[in-house]
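The values are calculated or read from the model by the stated rules, or taken from the named source; none is laboratory data. Every value quoted in this text rests on a predicted model; they were computed, and no experiment measured them. Here the Cβ positions follow ideal geometry from the backbone for every residue, glycine too, while neighbour counts run over all protein chains shown.
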Amino acid sequence: MRTWHLASTRDLAGLRADVSRILTGDLASAPDQSVDGLVLIASELATNALRHGGGSATVHLSTDGPTCLLEVVDRAPESPPQVAVDRDSGDGGFGLVLALGVALEAGWFRTETSKCVWTVHTAPVHVPS
């Protein structure tokens, strides 16, 4: 469907707007819960990648029809994603917690030069495959 290359957190607003627009298409109604959840997870995981993953990130969103796959890649393979536990909510770090609560599946893997955090979501009914 689409790939974004993010250089800084200034690029996050455009990512959120694009993901929402792609998932809702030309529908005038408010996005459904699955759209809101996917936009939130894309933003949270991209924020984590930008802040903790080597300075830039790539976000890829694809669909096979019934599901959407979100992949967020950064340049810090040595830094595994960490689920925030026993942390004050003001300290952040809850992107992975949110992803695990919203996604059908979530995981991560690393290569020699990058790390990819991925989530699978139910696709909104109006998403083109």
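I'd like the full set of residues that are under 10 Å from the mean Cα position of the chain (by Cα) and among the aliphatic types (A, V, I, L, M), limited to segment 59-78. Step through it out loud before you land on a result.
Of the residues in segment 59-78, the ones under 10 Å from the mean Cα position of the chain (by Cα) are 59-61, 69-73.
Hits for segment 59-78 are 59, 61, 69, 70, 72, 73.
Could you list all residues from segment 34-71 that are assigned to a helix (DSSP H, G or I), of a type outside the set (A, V, I, L, M) and in contact with a helix residue (DSSP H, G or I) (Cβ under 7 Å, 6 or more places away or on another chain)? Give the steps one after another, and end with the answer.
The initial filter retains those residues of segment 34-71 that are assigned to a helix (DSSP H, G or I), namely 34-52.
This time we only want the ones that are of a type outside the set (A, V, I, L, M), so: 34, 36-37, 43-44, 47-48, 51-52.
Scanning segment 34-71 gives 37, 43, 44, 47, 48.
I'd like the full set of residues that are among the polar types (S, T, N, Q) and within 19 Å of residue 69 (Cα to Cα), limited to segment 1-27.
Across segment 1-27, the qualifying residues are 3, 20, 24.
Looking for whichever is under 16 Å from residue 15 (Cα atoms) and modelled with pLDDT of 85 or more here; the options are 102, 59, 117. Which one fits?
Numbers: 102 fails: under 16 Å from residue 15 (Cα atoms); 117 fails: under 16 Å from residue 15 (Cα atoms).
Answer to the check: 59.
If you take the residues of segment 90-99 that are of a type outside the set (Val, Ile, Thr) and closer than 18 Å to residue 80 by Cα, which of them is modelled with the lowest pLDDT? Give the steps one after another, and end with the answer.
Here is the first cut: in segment 90-99, the ones of a type outside the set (Val, Ile, Thr) are 90-96, 98-99.
Next cut, closer than 18 Å to residue 80 by Cα only: 92-96, 98-99.
Working: 92: 56, 93: 62, 94: 71, 95: 76, 96: 80, 98: 84, 99: 87.
Per the stated criteria, the residue is 92.
So that you can scan it fast, the table gives a plain yes or no per residue for (1) modelled with pLDDT of 95 or more; (2) small (Gly, Ala, Ser):
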| residue | (1), (2) |
| --- | --- |
| 20 | no, yes |
| 29 | no, yes |
| 33 | no, no |
| 72 | yes, no |
